[in-house]
1. Leaving out same-chain residues fewer than 8 places away, which lysines sit with a Cα under 18 Å from that of residue 52?
2. Where both residues lie in the chain, what percent of DSSP beta bridges are antiparallel, nearest 5?
3. Hey, can you grab everything whose amide H is under 5 Å from the amide H of residue 186? Only 5+ residues off in sequence or another chain; H modelled, so Pro and N-termini drop out.
4. From the backbone phi of the range 186-197, what are the Karplus-calculated ³J(HN,Hα) couplings (6.51 cos²θ - 1.76 cosθ + 1.60, θ = phi - 60°) in whole Hz, Gly and Pro given as x?
5. Could you tell me the relative contact order of the range 91-195? Use alpha-carbon pairs under 8 Å, at least six residues apart, and round to a whole percent.
6. Cα-based Rg (one decimal) and Dmax (whole number) for the range 220-261, in Å?
7. Would you mind checking which residues have amide H under 5 Å from residue 43's amide H? H placed 1.01 Å from N; only 5 or more apart, or other chain.
8. Quick one: Karplus J couplings for the range 130-137, per residue in order, coefficients 6.51, -1.76, 1.60, θ = phi - 60°, nearest Hz, x for Gly and Pro?
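Any read-out appearing in this document is the output of simple, stated calculations on the displayed coordinates, not a laboratory observation. Bear in mind that the values here come from a model prediction, so they are computed numbers and not experimental data. When we count neighbours, we look across all protein chains shown, and the Cβ atoms used for this are built from the backbone with ideal geometry, even at glycine.
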Amino acid sequence: MMKTKILFSDLDGTLLDDKKNVSRRDLESINEMIEKGHRFAIATGRPIYSAKVVAKNLGLYRDGIFLIASNGGVVFDCGSSSILSAETLDMDTVRDLFIAAGTEGLSIHTYTDDYVVSVRNTREIDLYCKNILMPHRLLERIPEDLPARPPKLIVMSIKEGSRAILEDFEKRHAALVSGRAQSVFSNDFLLEYLPIGVSKGNAIEKLCALLGIPVEDAVAAGDEANDIPMLKAVGCAVVMANGTDETKAFADHVTKHTNNESGISEVIQRFILQ
C-alpha cells in the first residue's frame with residue numbers, strides 16, 4: 001500500500017521564482033502528487049491573506065492542499081476553507097514593539113484579516129505590500145484600533161546594512177519581549193516577532209497529527225533561516241540550491257535546481273513520487 005506523503009514548501013525563494021511566479025513544471029508536479037493521493041502545503045512567513053491569494057491564483061485552493069502562514073501562526077485547510085489553528089501576540093507586546101521601533105524611526109507593521117496595518121507609511125511597507133499582494137491601511141493607534149490580536153508583526157529595513165540594523169534592534173530589545181514573543185529573520189530585510197512557541201516546524205507537527213501522516217513521511221523545502229524549524233521537523237529536509245549557507249547546514253539534500261529553475265518539481269519527483 002502506498003504511503004501518503006506531504007510536501008511543505010516555502011513560497012519566496014522556493015516555490016516562487018524571483019519574479020514571484022511559479023513555473024508550469026512545478027504546478028504540473030504538484031498536481032501529479034495530489035492526484036496520486038499525496039498532500040501539499042504552502043508554508044510561508046506571509047500572512048494568511050497573502051497565502052490564500054497565491055493559492056487561488058495558482059489553482060491550488062482545493063482539497064488536499066493546506067496553508068501554513070505567519071511562520072506557523074496559522075494553519076488553514078483549503079479544501080474546507082477553515083482555520084485549523086491560530087496563535088496570536090498579546091496587545092501589550094504589540095504596543096511595546098511599535099513604540100520601540102517608532103522611536104528609532106524603523107518601519108513596523110502588523111496585520112488584520114484583510115490589511116497590512118501601520119501608524120505611518122514607509123517605503124518599506126509599500127515594497128512589502130507590493131510583494132505579498134496585500135493592501136495597506138493606516139490606523140491612528142496600534143494596538144488600540146486593531147480589531148483582534150495579530151499573528152505577528154514585522155520590523156523592516158531596506159537601508160544599506162539592513163541586516164546589521166535589524167540585528168542591533170533585536171539584540172537591544174530582547175529583554176523587552178522576553179517570555180512574550182520570539183524573533184526570527186525571514187530574510188535580511190524582515191525581522192519578525194511571533195508568539196512564543198510558534199514556528200513552521202511546530203505547525204507541521206500539528207498538521208501531520210491532524211492528517212494522520214507521520215512526520216517521517218513529510219518532506220520540507222525552503223531557503224531561509226525561518227525555514228530551519230520545519231527542516232528539523234520532517235523526515236526529509238530539502239534546501240534549494242539558492243538557499244543560504246546557514247539553511248543548507250540543516251539539509252538532508254540540496255536541490256540541483258534553484259527556485260528559478262523549477263526546483264520544487266525536482267523535490268516532488270525525487271522525494272514524493274519515487
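1. 20, 130, 152, 200
2. Details: 23 of 45 bridges.
Antiparallel bridges: around 50 percent, rounded to the nearest 5.
3. The answer is 192.
4. Each residue's phi maps through the Karplus curve to give 7, 6, 5, 10, 10, 9, 9, 10, 10, x, 4, x Hz.
5. After rounding, I find 27 percent.
6. 8.9, 26
7. 9, 10, 11, 68
8. 3J(HN,Hα) across the range 130-137, in whole Hz: 5, 5, 9, 6, 10, x, 10, 9.
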